[in-house]
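Right, one structure below, let's go through it.
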Amino acid sequence: MDRMTKQQRSHCMSQVKGKNTQLEINFRQYIWSKGLRGYRLHASLPGKPDIYFGPQKVAVFIDGCFWHQCPECYKAPKTNKKFWNSKIRSNVERDLDNDIKLKDLGIEPLRFWEHEIKCNIGSCFKRLKKLLDQ
Ligand SMILES: [Zn+2]
């Protein structure tokens, strides 16, 4: 995994607009510009993958660092701790559960963190490309 310095991270995080849809659009534009085609959006599969490559059976998720408890970025909120803890924990459990369901269907889940898309979209693309080419 790519590690960032504190400065890089705070610069990167200052780019955060907080909207996951925008991230998804950025990534889609990027992979389109690299010539990837033939994917579906929000396919009705477990977890509703953001991008799904049917022929290769690869499901891509872009997970918000806060909502999905990114090990690098997540900071527990100071207020309403109980509420947030249980909310975020159930998100994480659901992610794991969906990954298992997808694997049972023979689909490979590929999850990117919000900060990876923001700060290192090229390496995200490489990971995706590698899976698709297998
Ligand atoms: Zn993160």
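The values are calculated or read from the model by the stated rules, or taken from the named source; none is laboratory data. Just so it is clear, the structure is predicted and the values come from calculations on it, not from any experiment. Neighbour counts are summed over all protein chains in view; Cβ atoms, including those assigned to glycine, are modelled from backbone coordinates with ideal geometry. Just so you know, the surface numbers come from the protein's heavy atoms only, side chains and all, with ligands and any DNA or RNA stripped out. Shrake-Rupley method; radii C 1.70, N 1.55, O 1.52, S 1.80 Å.
Within the listed set H115, H68, H42, the residue fluctuating most in the Gaussian network model of the chain (springs between alpha-carbon atoms under 10 angstrom) is H42. Result for the chain in a Gaussian network model with C-alpha springs under 10 Å: among G54, G64, G38, the largest mean-square fluctuation is at G38.
Calculated mean residue ellipticity at 222 nm for the chain: -15500 deg cm²/dmol, from DSSP H runs with n ≥ 4 weighted as -39500 (n - 2.57), summed, divided by the residue count and rounded to 500. Spin-label model, Y74/R40: points 7 Å from Cα along the beta carbon direction are separated by 3.0 nm. Summed over the residues of the range 19-134 and divided among them, the accessible surface reaches 59 Å² per residue at a probe radius of 1.4 Å. Across the chain, Cα pairs under 8 Å and at least six residues apart give a relative contact order of 27 percent. Remark: the chain carries a charge dipole of roughly 380 debye about the Cα centre, counting +1 on each Lys and Arg Cβ and -1 on each Asp and Glu Cβ. Evaluated over the Cα positions of the chain, the convex hull gives a direction-averaged projected area, one quarter of its surface, of 8.6 nm². On the chain, 52 percent of the accessible area sits on carbon and sulfur atoms, based on a 1.4 Å probe.
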